[in-house]
Amino acid sequence: QVQLVGSGGGLVQAGGSLRLSCAASGRAFRRYPVGWFRQAPDKEREFVAAISWSGDSTYYADSVKGRFTISRDNAKNTVYLQMNSLKPEDTAVYYCAAREAYTMSTLNDEYDYWGQGTQVTVSS
């Protein structure tokens, strides 16, 4: 069993930066791909970024490519999402998720464990 705790959200002005963290319990986490998703008010949850279990491979949604960076430190059981050049449209609750599989995925339904979400608000 894996438990995830997301943190690092907050209020920032457009153009600013935030770093989200996803801390996990259980050593199994180190073998799982991890994704970040977000959900804005009245919108469906959408994929943001994913990283392989080793950290060697990453994948991003087009809307954040070049601005966000996902990384992981398996020794600390933590995955990060560095968000730069933030825009008002990045405002959402951000969730981290882990998948009991070898490959990354962009689909909500293919993740097995979810964090509680952390609010990111970008003001214009």
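The values are calculated or read from the model by the stated rules, or taken from the named source; none is laboratory data. All values derive from a computational prediction rather than experimental measurement. A quick note on method: Cβ atoms are made from the backbone with ideal geometry, for glycine too, and the neighbour counts reach across all protein chains shown. Heads up: the accessible areas ignore ligands, DNA and RNA and are worked out on the full protein's heavy atoms, side chains in. Shrake-Rupley method; radii C 1.70, N 1.55, O 1.52, S 1.80 Å.
Worth pointing out:
- The HN-Hα couplings worked out from phi for the stretch 96-101 by the Karplus form 6.51 cos²θ - 1.76 cosθ + 1.60 (θ = phi - 60°) are 9, 8, 10, 10, 7, 7 Hz, whole numbers, x standing for Gly and Pro.
- Accessible-area composition of the chain, carbon plus sulfur, in percent [1.4 Å probe]: 45
- Counted over all Cα-Cα pairs of the chain, pairs farther apart than 18 Å make up 45 percent.
- Ranking by accessible area, most exposed first, for Asp42, Asp56 with a 1.4 Å probe: Asp42, Asp56
- Average Cα contact separation per residue, the chain, under 8 Å, 6 or more apart, as relative contact order %: 36
- Contour excess over end-to-end distance, with Cα ends at Gln39 and Ser7 and 0.36 nm allotted per residue: 10.0 nm
- Relative contact order for the stretch 38-93: 31 percent, from Cα pairs under 8 Å spaced at least 6 residues apart, divided by residue count.
- The residues of the stretch 1-120 expose, per residue, 52 Å² of accessible area to a 1.4 Å probe.
- Pairwise Cα distances in the stretch 71-113 exceed 17 Å in 48 percent of cases.
- Per-peptide average of other Cβ atoms within 10 Å, ordering 27-40, 59-72 highest first: 27-40, 59-72
- In whole angstrom, the stretch 5-53 maps to an equivalent ellipsoid with semi-axes of 23, 15, 10, each derived as √(5λ) from the alpha carbon gyration tensor and ordered largest first.
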